[in-house]
């Protein structure tokens, strides 16, 4: 897998139909953990820093881009860790390009610019860059490299195929309760057999459990 980090200005985001109106008052907004990202909804844990003390987390709801914001922790008068939900998902925009791949931390808004981290195969990354270029969206490539996971990361214990299947299963709601996609539909999207999908998932889950329980 390869990792691509792009920087896109607010003006260019309008070509995606994404307006940053609720973020006019913030100095920075970093998406720390994706809890859900699909065409229906996104949910993330974020760290937000406002430009002045008078702003509140409820200001992020202005404009209707976000449906819910909840305070998790307040660091100081301007900086908060929050739960955000709703609005048009960035991943649905990527899905509409038809290239596959996934959004992956870090994803950050700072100085009216959006930094996107995209994870996919070499072909998916190349197609993603080609399509946004065709759309006339100006961007700056900050980083393009192999997605080498650190030895301390549990994901480094999996093969590339196992990571790909596990990422897709998580993204498309296979592990949600209730499930938003069954194994047959997931296998179809990945263009593999259902039995092959089950084998990859079982091996990936077993490897993760072995290392998790070994450290318990």
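Any residue at all in the stretch 97-114 that is out of contact with any strand residue (DSSP E or B) (no Cβ under 9 Å at 6 or more places or on another chain) and either surrounded by 14 or more Cβ atoms within 10 Å (Cβ to Cβ) or at pLDDT 85 or above (or both)? Outline the logic, then answer.
Step one: list which residues in the stretch 97-114 are out of contact with any strand residue (DSSP E or B) (no Cβ under 9 Å at 6 or more places or on another chain), which gives 97-98.
Next cut, either surrounded by 14 or more Cβ atoms within 10 Å (Cβ to Cβ) or at pLDDT 85 or above (or both) only: 97.
Yes, that holds for at least one residue.
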Meets criteria (at pLDDT below 80, part of a strand (DSSP E or B) and in contact with a strand residue (DSSP E or B) (Cβ under 9 Å, 6 or more places away or on another chain)) for residue 71
no
Determine if the stretch 78-89 includes at least one residue that is under 22 Å from residue 45 (Cα atoms), modelled with pLDDT of 80 or more and within 12 Å of the chain's Cα centre (by Cα).
no
Would you check which residues across the stretch 161-195 are over 26 Å from residue 41 (Cβ atoms) and surrounded by 14 or more Cβ atoms within 10 Å (Cβ to Cβ) and list them?
161, 162, 192, 194
Mind checking which helices (runs of 4 or more DSSP H) fall wholly inside the stretch 118-216 and carry at least 1 residues that are farther than 26 Å from residue 6 by Cβ and not assigned by TED's automatic domain parsing to the domain that holds residue 42?
160-171, 183-190, 194-214
Does the stretch 151-160 contain any residue that is under 19 Å from the mean Cα position of the chain (by Cα) and at positive phi?
no
When you scan the stretch 129-139, do you find a residue that is under 18 Å from the mean Cα position of the chain (by Cα), at pLDDT below 85 and surrounded by 12 or more Cβ atoms within 10 Å (Cβ to Cβ), even just one?
no
Hey, residue 63 hits all of (1) in a helix (DSSP H, G or I); (2) surrounded by fewer than 16 Cβ atoms within 10 Å (Cβ to Cβ); (3) modelled with pLDDT under 90 but one; which does it fall short on?
(1)
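The values are calculated or read from the model by the stated rules, or taken from the named source; none is laboratory data. Quick caveat: nothing in here was measured; it's all calculated off a predicted structure. Cβ sites come from the backbone with ideal geometry, for glycine too, and all protein chains shown count toward neighbours.
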